[in-house]
Amino acid sequence: MNLIDQKLAQIKNDSRIGIMAHTVVGFPSVEKTIEIVKILEEAGADMVELQIPFSDPLADGPTIMKACEDSLARGIKVKDSFIVMKKLAKEIKIPLLFMCYYNIVFKYGVEKFCKDAKEAGASGIIVPDMPVDEEGDEHLLEYCQKYKLYNIQVISSFSPDHRVKLNAEKAEGFVYVTSRRGTTGVKENLDSQLSKNLERIKKFFSIPIAVGFGISSKEQIGSLLGKAEIAVIGSAIIDVIRDSKENEIEKNVSKFLKEMVF
Amino acid sequence: MKSHFGKYGGAYVPEMLIPALEELENAYIDAKKDKKFEKEFEDLLKNYSGRPTPLIFAKNLTEKLGGAKIYLKNEGLNHTGAHKITHCLGQALIAKRLGKKRLIAETGAGQHGVATATVAAKLGFACTVYMGEEDIKRQRPNVFLMERLGAKVAPVGFGSKTLKDAVNAAIKDWIENVEDTHYLLGSVVGPHPFPTMNRDFQSIVGSEIRKQLRETEGLLPDYVVACVGGGSNAMGAFTNFIKDKSVKLIGVEAGGRGKKIGDNATRFPTGSVGVVEGYKSYFLQDSDGQLQKTHSISAGLDYPGIGPELSLLHDKKRVGFVSVTDMEAVEAVDVLSKTEGIITALESAHAVSYALKLAPTLSKEKVIVVNLSGRGDKDLFILAKAFNDKKFYEFLKEYISELGIGS
């Protein structure tokens, strides 16, 4: 059984909303990334996505984009992300996922990436710019299945029914629904049509729904109760890291996440 | 509609963009069948942009080089000074059909931005143009023009602050505002259907070359030479000749200031296949798949990717690729100015420079057509620097002191 399934079952059992936290590998350093993820687990995160930094992150807003840029400027390589995954998977219990853009996977070799990610301890991958339509040439879903890695589909809350349906046929583990039109980044209010759209989308899926993009407060997460199973917190954590003195990062990240957990 | 060129192309975009791309593809398919669309497009090309552009026999240059006959397709005579206006008009008409109210675009040299701002003004759209901060520095006059045309120029301060980052910024704006906004992508790159649609609009260049050369020489060219950034002017000039095996097609890339990584924008042979900015093609990238910095004196060629169809034509050896350095391009501007009275854009000067090398190696019966994608007015400041024009600097100094600023 995939660790993600165990975690999802546990969240369901507790009748609460789960938290998937996000961080960029190498921001502000590889050592800190490892400490941050451990702190995230301790503070109550149910899963963590480790973003492999990329030069041209299409779906990310300024916060994560800048974190990727900083990380790359420090010389962080793809192999560092695998090292971090391997180390963390041994030390923590919650499921870890790789989040990255498709060119990283493609250059690494799709099969090798899936195989190595699984061996390093990843439970799933999230590749937002790899739509199911291109599977024929790329075989990403095929190799994810072969190596028992969940390929988490990312759809938009505004995706029309025919696209939701197409993704529902391929989705495994859970589906990642972006809360709004736009890229990642903190926003004060969630989209006014989100609830209605989540209801519409839920009908197509038998697996849980994670909602991300713009989530940074307990109120926002509370408003998702009953409509989604997981809330994703990404840019808000990066903001906390960026705004912290180096020796206070762990403390501040912990305090921030604890405030989010129900 | 075919979304791939061999293994290249496709639409590798976040799910949230797919409905917009589907909508665009459908609107384009409908428009192609619509006589009214065709008429309106042709009317704008003729009566607004000034098509057809002339095919000029470069008599002086030909005699000077003593080899093949050189013809120049002067796309610089289009309204706004380059070929870019053609796909801007085409896409703006499609955007109208879709009921969009706002056009956004990326720009490198500023030519595509100016053309987009122009059609936005003419056809009644709001307009935002994304431009890298590095390019704004290089091409201030075009920023001024875009703003006078009523467009908002949004500086892009992330990444390498050049064209590729402007593309990223424009895609992000589109993701956010897809309801009322059309992304008027300015080259044969990006996700399907952009490479196909822009190629189709631009292919009028090659059709005109064929017709014009038949009238003057009664034959097909032996060579068609075009500079290649993303590849819109090259695909425009090449498309009509792809089936004519006797016509050699040459794409000229930016050799920049040298062969070192980061000093040029030559995707061949240093690039490798990747998937970035929504399409699969050759990119200048490292072994991790991170895009690399590029350099060219011409902002329009300073881009790490290349149109997916050109990648396929490269693999099939149907289009040959060569490169020309910054210095050679500047020299070519000078040569063409003095022999033919045409001050060409630095981008197009790359194609001219290659023709200067090629022509003397060919016999006098051979015909080379060089696509002059744009005119050089926009390069005034870069050229003044390249030619070390002290009097121009003095003029600038005096101009600034007259305005009472900068002191």
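See the values below:
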| item | result |
| --- | --- |
| Selection from the stretch B:265-298 of residues that are under 17 Å from residue B:328 (Cα atoms) and in contact with a Ser or Thr (Cβ under 7 Å, 6 or more places away or on another chain) | B:265, B:266 |
| Test for residue A:42: is it of a type in the set (D, E, K, R) and more than 12 Å from every other protein chain (Cβ to nearest Cβ) | yes |
| Strands (runs of 3 or more DSSP E) contained in the stretch B:168-286 and holding at least 1 residues among the polar types (S, T, N, Q), within 14 Å of chain A (Cβ to nearest Cβ) and surrounded by 20 or more Cβ atoms within 10 Å (Cβ to Cβ) | B:181-183, B:279-283 |
| Matching residues in the stretch B:1-45 - criterion: being basic (Lys, Arg) and either open to solvent by less than 80 Å² (accessible area, probe 1.4 Å) or within 12 Å of another protein chain (Cβ to nearest Cβ) (or both) | B:7 |
| Checking residue A:101 against (1) out of contact with any helix residue (DSSP H, G or I) (no Cβ under 9 Å at 6 or more places or on another chain); (2) away from chain B (no Cβ under 14 Å); (3) among the aromatic types (Phe, Trp, Tyr), the condition it does not meet | (2) |
| Qualifying residue in the stretch B:317-324 (condition: open to solvent by less than 40 Å² (accessible area, probe 1.4 Å), over 17 Å from the mean Cα position of the chain (by Cα), farther than 24 Å from residue B:161 by Cβ and among the charged types (D, E, K, R)) | yes |
| Selection from the stretch A:137-192 of residues that are more than 19 Å from residue B:20 (Cβ to Cβ), away from chain B (no Cβ under 11 Å), part of a helix (DSSP H, G or I) and open to solvent by 10 Å² or more (accessible area, probe 1.4 Å) | A:141, A:142, A:143, A:145, A:146, A:168, A:169, A:170 |
| In the stretch A:111-136, the residues that are among the acidic types (Asp, Glu) and part of a helix (DSSP H, G or I) | A:111, A:116, A:119, A:133, A:134, A:135 |
| Yes/no for residue B:68 being over 23 Å from residue B:229 (Cα atoms), more than 14 Å from chain A (Cβ to nearest Cβ) and at pLDDT 95 or above | yes |
| Residue, farthest from the other protein chains (Cβ to nearest Cβ), within the stretch B:287-298, restricted to residues that are within 26 Å of residue A:71 (Cβ to Cβ) and touching a residue at least 24 places away in the same chain (Cβ under 8 Å) | B:295 |
| Selected residue (criterion: surrounded by the most Cβ atoms within 10 Å (Cβ to Cβ)) from residues of the stretch A:101-136 that are of a type in the set (A, V, I, L, M, F, W, C) and over 25 Å from residue B:291 (Cα atoms) | A:122 |
| Residue in the stretch B:306-325 that is closer than 23 Å to residue B:3 by Cβ, within 14 Å of chain A (Cβ to nearest Cβ) and part of a loop (DSSP other than H, G, I, E, B) present | no |
| Selection status of residue A:83, more than 7 Å from every other protein chain (Cβ to nearest Cβ) and touching a strand residue (DSSP E or B) at 6+ places or on another chain (Cβ under 9 Å) | no |
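The values are calculated or read from the model by the stated rules, or taken from the named source; none is laboratory data. Fair warning: this is a prediction, and the values are worked out from it, not measured in the lab. Note: ideal-geometry Cβ built from the backbone for every residue, glycine included; neighbour counts use all protein chains shown. The area values use the complete protein model at the heavy-atom level, side chains included, leaving out ligands, DNA and RNA. Shrake-Rupley method; radii C 1.70, N 1.55, O 1.52, S 1.80 Å.
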